[in-house]
Each structure stands twice: as C-alpha cells, then as structure tokens.
Amino acid sequence: GLLASAGGGGGVHGTTLEPPRDPPAGVTLHRCDVTREADVTALVAEVRPTHLFHLAAPAHVGESFERPEQTVEALTAGATAVLAAASRLRPSPRVLLVSSAEVYAVDSAGGALDEDAPVAPCSPYGAGKLAAEDAARGFARRGLPVVIVRPFNHIGPGQSDRFVCAAFARQIAEAEASFRPPILEVGNLSAERDFTDVRDTVRAYPVALDRGAPGEVFNVASGRALSIRALLDRLLALAKVRIEVREAPALARPVDPARRVGDAAKLRAFGWSPEVPLDRTLREVLDDWRARAGR
C-alpha cells in the first residue's frame, strides 16, 4: 500500500502485509504494517525515498460500517505513521496522501464537487480519510511537502469483486462459463457516481505530487455522472448470454448518497485529463474476469 521512489537509482519500493500472488514487476516489496510507526520509520530510513505515495488503507466503504472503529483507527494510524516517518528524513521526501471523495458531504444539489465543497463524511471510511487529511495538513504546516488527492470511483481490470463494477463483471463471466445461473444480484442501481479508469487515476498522482503546494488538495475525477444502472447496462450489452437482474436489498449500503460527481479543474490545469474511454475499461474488466473464470 505504501510506494516509495528512491533517488540515486534506488528504484521503486512498496509495502505489503502478505506476499502477493502476482508480485508487481519492477517493485521491491517489503513486509510492513504501516500502522506501526517504528516499522515505517525504519523502512523509510532504509529506502530513503524521494517521492512517497501513501495508499495503504482498508478500501471498502460498505465494509467500514461493519468495523467502524478498526477502519478509522487503521486509516489514521497508518497516515500518521507514514507522515511522521517522512518528516524525520532529510531531505524530506515529497509525500502524496491518497484520500477519497468519501470525505465530501452528501451533495443534495447534484452539482459537481470541487475541492472547496463542504466535507462531512457519511461513512466510517470517509471519517478516517478526513482525519488522515487533517494529520497531513498539520505536517504540511510544519514543513513537510505533502499533497492530498481525493479520487472518486476508479475501476479497471484486476479490481476486487468487492467493488460494484468488478462484482457485476465476475457474475457475468461466471454465467457465461456456466459456473452459476444467469442471474445477477444487485443493490441500489439508482445512485450516480463518477467513474475513472484506474490507469488514468494513477497517472494523476505524480502530477499532483510534483505540482501541488504543501497541504493542497486535488480531486481526481472524470466529471461525468453515471448511474449504477447505466454501468450495469453497458456490461450486460457485452455479455454473451442473457442474464436476469434481481434486486438484493442486503447488498445496499446503510448510507448511500444519491449522487457524487467530481470537478477536477485544478488538476486539469496542470495538463491531466482522463484518456481511457469508459467502454474500453468495462470491456477489459469483463475480459479480465472471463480469463479468471477460464483458469
């Protein structure tokens, strides 16, 4: 979850709690619990990064309602440990804190949210992310060059099926392969979200880190609203079998804002913009699950 780019030809380093099944190419992995400040400090001192990207966190909003205290603690402790470790290094690395659009208040007006929109998280996940932001701003005031990004929903091949797009794609792929009946269970389909290909999202991170001022916040978003129903319809149009859609109330979140769309004008001013078309992303997500079903 923690990525560091080391100077002097040191390459790219990352942290993991457990060795991944498919280790990323070109990344030296270190076993490290980023909520343990002493361990993070030792690793940062060893690697001596020039750029540090903090993404390690519980990642599922819905699951945060089941473990609220653990979620908030992990998000705040991890961010504080990383920021403290970076602040001790000389020269200080540039740090990117990856927050979330979940920090924003529910947008009853339905407009696009810019970085000055009110923050009032409606999930434990969002509350933990906002607390991490507050910690980052405190370190920024003390001189650490830390920048904050708030990505909206991002999707792409390889994503866990704990998330909506991948969950749909897996069920479609398994129905095509006759591993399950051609029935797809869904939660709330009316919610509108802002989806960006994960590759475009990741491209935004170094732009924000290199161009942002300490403590500055950047949205990472397409600026386009798409309902979960429309997302599902696009995936179903790619399916090779006819699939029945059934509502499953148990899949709905306790709190689910009707609409959340981002304004990324600040980041676009630095030359970033989404490049991967949504239909390509959806096709590749479905093809990824088809490949997994065929294994």
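The values are calculated or read from the model by the stated rules, or taken from the named source; none is laboratory data. Because the structure is predicted, anything quoted here is derived from the model rather than measured. Here the Cβ positions follow ideal geometry from the backbone for every residue, glycine too, while neighbour counts run over all protein chains shown. Ligands, DNA and RNA are stripped out before the accessible areas are found, and what is left, the full protein with its side chains, is counted by its heavy atoms. Shrake-Rupley method; radii C 1.70, N 1.55, O 1.52, S 1.80 Å.
Structure data summary
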quantity: Of all residues in segment 224-273 being surrounded by 13 or more Cβ atoms within 10 Å (Cβ to Cβ) and of a type in the set (Val, Ile, Thr), the one that is modelled with the lowest pLDDT; calculated: 255
quantity: Matching helices (runs of 4 or more DSSP H) fully within segment 1-92 where at least 2 residues are modelled with pLDDT of 85 or more and closer than 26 Å to residue 153 by Cβ; calculated: 68-88
quantity: Residue among 83, 75, 43, 89 that alone is under 23 Å from residue 5 (Cα atoms) and touching a Phe, Trp or Tyr at 6+ places or on another chain (Cβ under 6 Å); calculated: 83
quantity: Residue 278 at pLDDT 95 or above, open to solvent by less than 50 Å² (accessible area, probe 1.4 Å), within 28 Å of residue 182 (Cα to Cα) and touching a helix residue (DSSP H, G or I) at 6+ places or on another chain (Cβ under 9 Å); calculated: yes
quantity: Tally, over segment 96-136, of residues that are assigned to a helix (DSSP H, G or I) and either of a type in the set (A, V, I, L, M) or buried (at least 18 other Cβ atoms within 10 Å of the Cβ) (or both); calculated: 15
quantity: Qualifying residue in segment 262-269 (condition: assigned to a strand (DSSP E or B) and closer than 30 Å to residue 142 by Cα); calculated: yes
quantity: Pairs with Cβ under 9 Å, 6+ apart, first in segment 278-292 and farther than 16 Å from residue 231 by Cα, second among the small types (Gly, Ala, Ser) and surrounded by fewer than 18 Cβ atoms within 10 Å (Cβ to Cβ); calculated: 288/158; 290/177
quantity: Any pair with Cβ under 7 angstrom, 6 or more apart, that starts in segment 27-42 at a residue that is among the hydrophobic types (A, V, I, L, M, F, W, C) and ends at one that is surrounded by fewer than 14 Cβ atoms within 10 Å (Cβ to Cβ) and not in a helix (DSSP H, G or I); calculated: 29/23
